Amino acid sequence: MTASIPCAIAIEGIKFRYPKAKTLALNNVNFSVNKGEIFGLLGPNGGGKSTLFKLLSTAVIPSEGTIRLNGKNPFMPNGGLRHELGVIFQSPSLDSKLTVMENLVYQSLLYGLTGSSMQQRIQELLKRFKLLEKTNEYAGTLSGGLQRRVEIIKALLHDPQIILMDEPSTGLDPLARIDLWNVIKELKESGKTILLTTHLMEEAERCDQLAIMHQGELVAKGSPQTLKEEVGGDVLTLTAREPETLRQKIESDLGLKVSIVDFAVRIETQQGESDIPRLMAVCGSEILTLTLSKPTLEDVFIRRTGHKFS
Amino acid sequence: MKHNQEFFWPAYSLCKREVVRFFRQRSRVIGAIVPPLVFWFLIGSGLGNSFRGSNYLIYLFPGTLVMIVLFTAIFSTISIIEDRREGFLQSVLVAPIAPASVALGKILGGAMIAFLQSMIFVIIAPMLGASFTFLGFVFLLAILFLSAFGLTGLGFLIAWKMDSTQGFHSVMNLFLMPMWFLSGSLFPVEGAPMWLKCVMLFNPLTYSVTAVRMGLFSGNFIVLRSWPGPLFCLAVSLLFCAVTFSAAVLSCSKKTIGENIL
């Protein structure tokens, strides 16, 4: 991350409290997103991703801190910056009683796009997203995957530079998910910056950069690769009838660093394969199952928060 | 140019969508016209014999026209609650649009629906003995449109903060129906007891009903000398529009720190 490239999104010291809520939904969140990146906000439900998303979409004003989009404050009056922002919400924003075409025309008009340039842009996007033959169908009759595609077109009509997606793969079948990711990659290739929220590990793996959120706080940031390397080595996960006794035994007899996460005994080690025979020799009778794995983003989450990702 | 982009086209978009959606849902079209018609026919016929000297069906007609406007205008603003619940409003609220444009688009759309619905009823008016001069007809159209705009604005104000249509219906019954009862639709202001008369004189709908009556029967008799006169009614209707519209703009542009507008 070089300082000379201006950031597409820069967030500093963001705090947010919902009216009447006792705790902060976001507590001192800082991160920046470079231009042309796919940036993922990963976290369990209720971690604060969606709140942060609302702030970025300018629907909600932060209680404290600053947000800069392309170096500018999006909360200035007259919403001039909103032209640079394309927002795809988690819950559908299509009008189910209107046709695909009508949905797109009305959305274009909201952004001041009219006449032949509007028609051209709509046709171009319908073609690109293979929706030309659905133009005159009511949005409510389309499948979830197709509706999501129309949502994406809606957000791209005014050719925004920054695209925000809230849990874009919610409600999509595996095929539609692959399709979605092809679109996301295509957008990246055309120079757009994409920020998406997700609670799916495999989706987070595909991002260039990640910020992991837990209980309103940012617990880790970096590329998926770097984050996993940070955990390093192997992860051994053991289940047992008496996890606590097993933990004490392994610590005292083998000198390994052991933690208990949700009743499972978890060992981060440099040489998992050679540790397994030693473990079996010392306490094989107490172990019910034993799993050896390379660290995943879930392990990163566990290491940073001490909680299982769920 | 920029003004067009952030004001005119978004308002046009929201307004047109409103009208298209309404006429696509046949039950809503019928629901706004038939009940007032039935109401008018039953009450008018039933009470007619008890009213001496004049035809009550004809007396009730202007009020019924205003009731159609009231029903359609108010119910069209339920779409705001639906838009919020179904998610459509999300994309409107993050678009680069002036709040006044959101209010204007929604209110104008609802007002046009209400105005068009009342026109269907105006067509049958001559069959009931109404005859209007050209000026009277223009006046009638102006009053109907202004009433539609003002009432949709009122509906917008009520609906903007609400998250359920049930709540909307209770406000309708508690507040809007009495507003219609006390507008001179059912009984003339002059005959009401003093306290009721005071309430009726502060009710903007009283002036709508009076003006619609003047317009509908402009060819039958001259009403210029009576109070309130046509210009006064027009002024009250304009003021009603201005007040509700400004309040609607204020309520949808309020965006304080920490407030969640989605």
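Condition test on B:D83, is it open to solvent by 40 Å² or more (accessible area, probe 1.4 Å), closer than 29 Å to B:V249 by Cβ and over 20 Å from the mean Cα position of the chain (by Cα)?
no
Specify the residue that is least open to solvent (accessible area, probe 1.4 Å); the eligible residues are those in the stretch A:236-254 that are farther than 16 Å from A:I302 by Cβ and touching a residue at least 40 places away in the same chain (Cβ under 8 Å).
Going through the qualifying residues, I end up with A:L246.
Got at least one residue in the stretch B:62-72 being away from every other protein chain (no Cβ under 14 Å) and modelled with pLDDT under 90?
For the stretch B:62-72, residues away from every other protein chain (no Cβ under 14 Å) and modelled with pLDDT under 90: present.
A:R82: part of a helix (DSSP H, G or I) and under 23 Å from B:V102 (Cβ atoms), yes or no?
yes
Does the stretch B:231-246 contain any residue that is part of a helix (DSSP H, G or I) and exposed (fewer than 13 other Cβ atoms within 10 Å of the Cβ)?
yes
Can you name the residue in the stretch A:88-144 that is part of a helix (DSSP H, G or I), closer than 25 Å to A:S57 by Cα and among the β-branched types (V, I, T) and is also nearest to the other protein chains (Cβ to nearest Cβ) among such residues?
Out of the qualifying residues, it is A:V105.
Say we look at the stretch B:1-36 and pick out the residues that are touching a residue at least 24 places away in the same chain (Cβ under 8 Å) and of a type in the set (A, V, I, L, M); which of these is farthest from B:T64 (Cα to Cα)?
Selected residue: B:A11.
Across the stretch A:166-209, what is the number of residues that are open to solvent by less than 10 Å² (accessible area, probe 1.4 Å), in a strand (DSSP E or B) and within 22 Å of A:F301 (Cα to Cα)?
Total satisfying the criteria: 4.
Give A:N103, A:N73 a once-over and let me know the one that is open to solvent by 40 Å² or more (accessible area, probe 1.4 Å) and touching a Leu at 6+ places or on another chain (Cβ under 9 Å).
Just one listed residue meets the conditions, A:N73.
Out of all the residues in the stretch B:93-121, which are in a helix (DSSP H, G or I) and touching a Gly at 6+ places or on another chain (Cβ under 9 Å)?
Within the stretch B:93-121, B:A103, B:I107, B:G110, B:A111 qualify.
Give the residue that is most open to solvent (accessible area, probe 1.4 Å), with candidates limited to residues of the stretch A:11-43 that are assigned to a loop (DSSP other than H, G, I, E, B) and more than 14 Å from chain B (Cβ to nearest Cβ).
A:K35
Restricted to the stretch A:210-235, and to residues that are at pLDDT below 85 and open to solvent by less than 30 Å² (accessible area, probe 1.4 Å), which residue is farthest from A:N28 (Cα to Cα)?
Across the stretch A:210-235, the extreme among qualifying residues is A:G233.
Just the residues that are within 14 Å of A:V300 (Cα to Cα) and among the charged types (D, E, K, R), please, taken from the stretch A:210-229.
Answer for the stretch A:210-229, where residues must be within 14 Å of A:V300 (Cα to Cα) and among the charged types (D, E, K, R): A:K221, A:K228, A:E229.
The values are calculated or read from the model by the stated rules, or taken from the named source; none is laboratory data. These numbers come from a predicted model, not from an experiment. Counting neighbours? That spans all protein chains shown, and the Cβs are built from the backbone with ideal geometry, glycine included. To get the accessible areas, we keep the full protein, side chains included, count just its heavy atoms, and leave off ligands, DNA and RNA. Shrake-Rupley method; radii C 1.70, N 1.55, O 1.52, S 1.80 Å.
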